[in-house]
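Please read the structure below before turning to the comments.
The values are calculated or read from the model by the stated rules, or taken from the named source; none is laboratory data. Here the structure is a predicted model, which is why all the values come from computation and not from measurement. Every residue, glycine as well, gets a Cβ built from its backbone with ideal geometry; the counts of neighbours run over all protein chains shown. Heavy atoms of the whole protein, side chains included, go into the accessibility calculation; ligands, DNA and RNA do not. Shrake-Rupley method; radii C 1.70, N 1.55, O 1.52, S 1.80 Å.
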Amino acid sequence: MSDPAILVLNAGSSSIKFALFASGAEPSRHDRLCDGECVGIGHEPRLMASDHRGMPLISRNLPLRATHEEALAILLDWLSQEFSQTELVAVGHRVVHGGRVYTEPVRIDDAVVENLRRLVPLAPLHQPHHLATIASMHPDVLQVACFDTAFHRTQSAIETMYALPRALSEEGIRRYGFHGLSYEYIASVLPEIVGSTLAEGRVVVAHLGSGASMCAMYRRKSVATTMGFTALDGLPMAQRCGALDPGVVLYLMQEKGMSAAAIADVLYRQSGLLGVSGISDDMQVLLTSNDEHGRAAVDLFVYRIARELGSLAAVVGGLDALVFTAGIGENEPEIRRRVCEHAAWLGIAIDNEANERHGPRITSESSKTSAWVIPTDEDLMIARHTWAVLSA
């Protein structure tokens, strides 16, 4: 008999990240069979994958300008050959926006697809590709949508409110928050890493990657986060602007004559680290650059993190622990050091040697407030949610 397996898919604007988990029981980190991604979709796509030990399994070019659907078909065919002793019993999808409707993982059917389609304007970089990937799967395979917004359902009504006419709020214009699957994973492992008492305290998690946000937790529940109605808000990111006076958008429309599509392209694809530096959206490139604009991009990124940290600490009434996660948070000690130095007023005293080793604890024993590096695992979170729906 074949062993059951769950496939996790995370479709982006030009990529499909994936992971395959054995699913005889609730998946753990030890049940990962492989992971990888199809990158460069629409241009020069390439399929790459590694096994559970990180050893390469495949790295090959796909047909030029292959679409998401075509790349997924090649990926599924490769998985069926490479893992011929497994049976795909379910597929879990990372879905960025669940709106007001979805506050927990849900089995995908036609009604769910239609609801997700209505949310495309709120997540234009991600939602269309989630839908395309869902539509490309065999109809007999159970599919589960896991939402980046769901973890933030515990926030208060005041926290999610904008000062807009009530009719607009009732239509769903409110703060949702994102990166919830990452925050949910961090919340699940906090007790084993930082201790049960600290885990239940006032914790701010900084998810710093090409998309970046921060979340204040108390008792491992979301209290406040930096992203709002869309994943464009909050911190400056690789190519996204982050928090912006809405008057800037009006100015671009009225004075510059820019269309909505042109403005969206500026805010989503030409801003952030790329826009400020004019060089790159890659933090490693900027950290080694001598260009003044490159340095300014890094300075702004750190400054905004430090400023948001103060705001989030105020919401939960102090700070017991700061956690860094995601690509930049896990791998760039210079960014962590600078953020922690800005946060010395919160009682953070960094241990530079521990920081260079990537922790997990990167503050001194005498530090009033501790700081940590905890790798996130959104794929495992999605696999667990999918297994739970499958089991039910």
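When the strands (runs of 3 or more DSSP E) confined to the range 1-62 are screened for residues that are crowded, with 19+ Cβ neighbours inside 10 Å, those reaching at least 1 such residues are found at 3-11, 16-22, 32-39, 46-51. Do the conditions hold for Leu9, that is, is it in contact (Cβ under 8 Å) with a residue 60 or more places away in the chain and under 24 Å from the mean Cα position of the chain (by Cα)? Taking the combined requirement at face value, the residue satisfies it. The single condition from (1) closer than 28 Å to Ile158 by Cβ; (2) part of a loop (DSSP other than H, G, I, E, B) that Gly359 fails is (1). Only residues that are over 22 Å from Ala123 (Cα atoms) and open to solvent by 10 Å² or more (accessible area, probe 1.4 Å) were counted across the range 202-222, and they come to 5. Per this entry, Ser364 is not counted among residues that are closer than 27 Å to Leu181 by Cβ, out of contact with any Leu (no Cβ under 9 Å at 6 or more places or on another chain), small (Gly, Ala, Ser) and at pLDDT 95 or above. Checking each residue in the range 81-108 for being closer than 23 Å to Glu378 by Cα and free of Cβ contacts under 8 Å to residues at least 24 places away in the same chain picks out only Val101. Checking the range 309-331 against the condition returns no match, with no residue being modelled with pLDDT under 95 and open to solvent by 60 Å² or more (accessible area, probe 1.4 Å).
Taking the criterion of being touching a strand residue (DSSP E or B) at 6+ places or on another chain (Cβ under 9 Å), open to solvent by 40 Å² or more (accessible area, probe 1.4 Å) and assigned to a loop (DSSP other than H, G, I, E, B), the only residue of the range 113-139 that qualifies is His138.
Of all residue pairs spaced 6 or more apart or on separate chains, those with beta-carbon atoms under 7 Å, a first member in the range 48-59 that is free of Cβ contacts under 8 Å to residues at least 24 places away in the same chain and a second member that is open to solvent by 100 Å² or more (accessible area, probe 1.4 Å) and not acidic (Asp, Glu) are Ser50/Pro56.
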